[in-house]
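Reviewing the structure listed below.
Only the coordinates and a few stated rules stand behind these numbers; no lab work does. No experiment lies behind these values; they were computed from the predicted model shown. Counting neighbours? That spans all protein chains shown, and the Cβs are built from the backbone with ideal geometry, glycine included.
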Ligand SMILES: [Zn+2]
């Protein structure tokens, strides 16, 4: 289960404010950009996947396939996060990763996002993997593998097959059981 409770103010499925209500870490959000401090690398990965899981839970509550993502800069700035929103937005490209990239790029005023890490609850599909590559995201941390349409490891290997001019650092399987469970439960309820 999601360990962190997030409070959202959102319009439709567009999150406007993300605020951890209980955190062992220090955050500041005066500029609208949360910043993390005093955090080990593995603890940071776990914590940020918790936030991605919370976005996945938000998507599920809205009837969307529960996938969530969050993008963080290596300076500790949390740039953006989002859940899937294909159905409500009538947008076939409304995957959590694409929405997160758009929000982050808009926030920093640059279509390139070097030095960033994307945390996502499911292995990105080929569309999202290509978008992440175009944005020059440095690292991808994903939860559950997608054996049917995974774009960076399971089916395609975009960003590590040497075909294109950017390579991702990839960490797979982070909180995989929780990330997979929320998907399984969602589809079980829909049957
Ligand atoms: Zn995708």
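So the values come out like this:
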quantity	calculated
Projected label distance in nm at residue 112 and residue 167, using a 7 Å step from Cα toward the beta-carbon	1.9 nm
Cα centroid separation, the range 37-73 to the range 91-122 (Å)	13 Å
Expected-Rg normalisation [2.2 N^0.38 Å, Cα atoms] applied to the range 30-170	0.97
Pair residue 40, residue 91: separation of 7 Å Cα→Cβ label points (nm)	3.8 nm
Theoretical gain in end-to-end length, residue 154 to residue 134 [0.36 nm per residue, Cα-Cα removed]	5.2 nm
